[in-house]
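Here the structure is laid out as structure tokens; the discussion comes afterwards.
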Amino acid sequence: MTIVMWVLKRDLLLAMRRKSDVLTTLFFFVIMVSLFPLGVGPEPQLLKAMGPGVLWVAALLASMLSLGRLFAADHGDGTLEQMLLCPESLALIVLAKTAVHWIASELPLVLMAPLLGLQFGLSGDALWVLALSLLLGTPVLSLVGAIGASLTLGLRGGGVLVSLLVLPLYIPVLIFGAGAVDANASGLGAGGHLSLLGALLVLALLATPKAAAAALRISLE
Amino acid sequence: MLEAVSLECMRGDRRLFADVGFSLAPGELLHVRGRNGSGKSSLLRMLCGLVLPESGEIKWNGLNIRRSDEYKHSLTYLGHLNGIKEELSGVENLRINCGLAGSDVGESAALDALARIGLAGREHLPVKVLSQGQRRRVMLARLLVASTPLWILDEPLAALDTDAIGLMRSLFEFHLENGGMLILTTHQELDIAAKTTHEIRFSS
């Protein structure tokens, strides 16, 4: 097995043994989204209009919740040191870790989102577009978040700092993600928005692992 | 062959050490001594490439370790953190750590190594139920299956009982006899037979 395969195997095993971490993020997402209809009242037009935005903002915040765990445990128990010393590019290892992080904490949100969208009276078409936009957009959240998580590693109060660093960078993803559903509803078609999300994903895949790897080296020095 | 030339280490504004140099050939041992906080761990981390020296150079077979691809394949570093995952069993930890270092170790070889280091019957327990010394043994089991020539060990004997210390000593001697190199820090009196023993002593 290659080194990257070992990283994937280890992180997937850990995610399976730390189920509570995965469930915390998912329940936060479910509860946060479900509170909105209770708070603003059962006005169908209003709910329909704000549904996509609420789901996207909730996904953003839920992903912030799990970011701290991306490297913190490895930093605390010394495995991060070992990963820096292993004869494989650190950027590739970061990419593997981010991929598992996405599978464990974001993919469940993507799968749950259409179900929650029903609470807002979204049509079948809109639910498809919403799921697709989340599928393209949430990996960007994990990748960009990895930079924030590695920059704030080992700092006290790093959780707050990481939100301040990362949330502004999430804005384009939020705009195009929630916008895709609106564009679809208004008859423009979601193609443009989804293509832009795809472009953001490619850009993030290319740029962020190297940046996060550099930040990790600095924070371990 | 590992060479260090006039290394200097700064921590914030404080100079931990300056002008530290040595060269280590196959079969030789370097013992780094000094009080707590005198810079032993910083030196070892520097030798691994985790910390950049303020000045000076570290060379592996004549090439700066930053530019040597071969160096990471030749090095096993065990720090004062165990580098093992509490949720995983001893055998999983051992195999994964070896895999991360680039050498695949089979299930039976891993079980054998854990048995030799005194963890027979506990190989499949999650590490979180093991004692501190047993966790240390899980980490050190890597040395039994490692084939790297250079070992850099930071306080490898901490939390170990006398049996385990004896085992580690014979393992170190075996490694040195077979042309390995060993750099270690320890506060315990340990007589390791080696062709040549270098010593670096930090005073402050």
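Determine, from the Cβ-Cβ distance of A:Ser219 and A:Leu65 and an R0 of 35 Å, the FRET efficiency 1/(1 + (r/R0)^6), rounded to the nearest 0.05.
In this case the efficiency is close to 0.95.
For the stretch A:1-72 and the stretch A:182-221, what is the separation of their C-alpha centers, rounded to whole Å?
18 Å
Can you sort A:Asp125, B:Asp191 by solvent-accessible area, 1.4 Å probe, largest first? Walk me through the numbers on the way to the answer.
Numbers: A:Asp125 100, B:Asp191 125 Å².
The most accessible residue leads, giving B:Asp191, A:Asp125.
Summing both sides, how much accessible area is buried between A and B? Use a 1.4 Å probe and give Å² to the nearest 100.
Rounded to the nearest hundred, the buried surface is 2600 Å².
Å³ per residue of the Cα convex hull, for the protein assembly as shown?
Looking at the protein assembly as shown, the number lands at 149 Å³ per residue.
In whole percent, what relative contact order does chain B give with Cα contacts below 8 Å and a gap of six or more residues?
Relative contact order for chain B comes out at 31 percent.
To the nearest 0.05, how large is the calculated FRET efficiency for B:Arg11 and A:Ile31 if R₀ is 60 Å and r is the Cβ-Cβ distance? Don't skip to the answer; put the middle values down first.
Working: r = 46 Å, r/R0 = 0.76.
The value I calculate is 0.85.
Give the average over all directions of the projected area of the C-alpha convex hull of the stretch A:37-107, one decimal, in nm².
Across all orientations, the stretch A:37-107 yields a mean hull projection of 6.3 nm².
Considering lysine pairs in the protein assembly as shown that are 8 or more places apart or on different chains, how many have Cα atoms under 28 Å apart?
So the count of such lysine pairs works out to 25.
What Kirkwood hydrodynamic radius do you get for the stretch A:1-131 when you take the inverse of the mean 1/r over all pairs of distinct Cα atoms, in Å?
It works out to 16.4 Å.
For the modelled label position 7 Å from the Cα of B:Ala158 along Cα-to-Cβ, which residues of the stretch B:168-204 have backbone nitrogen atoms closer than 12 Å?
Answer for this model: B:185-187.
Which percentage, to the nearest 5, of the DSSP beta bridges contained in chain B is antiparallel?
Taking every DSSP beta bridge with both residues in chain B, the antiparallel ones total about 45 percent.
Considering all alpha-carbon pairs of chain A, what whole percent are spaced by more than 24 angstrom?
Percent of Cα pairs beyond 24 Å in chain A: 43.
Quick one: ranking A:Met5, B:Met139 by accessible area, 1.4 Å probe, largest first, what do you get?
Accessible-area ranking of A:Met5, B:Met139, largest first: A:Met5, B:Met139.
Report, in deg cm²/dmol and to the nearest 500, the calculated mean residue ellipticity at 222 nm for chain B, where each DSSP H run with n ≥ 4 adds -39500 (n - 2.57) and the sum is divided by the residue count.
Using -39500 (n - 2.57) per qualifying helix, the result is -10000 deg cm²/dmol.
If you look at just the Cα atoms of chain B, how large are its Rg and its Dmax in Å?
16.9, 50
Using alpha carbons only, how many angstrom separate the centre of the stretch B:51-114 from the centre of the stretch A:122-176?
About 33 Å separates the Cα centre of the stretch B:51-114 from the one of the stretch A:122-176.
If you wrap a convex hull around the C-alpha atoms of the stretch B:6-123 and split its volume per residue, what is the figure in Å³?
153 Å³
Over all distinct alpha-carbon pairs, what is the Kirkwood Rh of the stretch B:21-75 in angstrom?
Working: mean 1/r = 0.0804 Å⁻¹.
Over the stretch B:21-75, the inverse of the mean reciprocal pair distance is 12.4 Å.
Which residues of the stretch A:192-221 bury at least 10 Å² of accessible area once all protein chains are present, versus their chain alone (1.4 Å probe)?
Buried on complex formation: A:Arg217, A:Leu220, A:Glu221.
Quickly estimate the mean residue ellipticity at 222 nm for chain A, helices only: each DSSP H run with n ≥ 4 gives -39500 (n - 2.57), and the total goes over all residues, rounded to 500.
Mean residue ellipticity, 222 nm, calculated: -29500 deg cm²/dmol.
Tell me the relative contact order for chain A as a rounded percent, counting alpha carbon contacts under 8 Å between residues six or more apart.
26 percent
FRET efficiency for B:His73 and B:Ser23, Cβ-Cβ distance as r, R0 = 22 Å, nearest 0.05?
Efficiency computed from Cβ-Cβ geometry: 0.60.
The values are calculated or read from the model by the stated rules, or taken from the named source; none is laboratory data. Remember, predicted model here, so these are calculated numbers, not experimental data. All Cβ positions, even for glycine, are placed from backbone atoms using ideal geometry, and neighbour counts span all protein chains on display. Please note that ligands, DNA and RNA were not included when accessible areas were found on the heavy atoms of the full protein model with its side chains. Shrake-Rupley method; radii C 1.70, N 1.55, O 1.52, S 1.80 Å.
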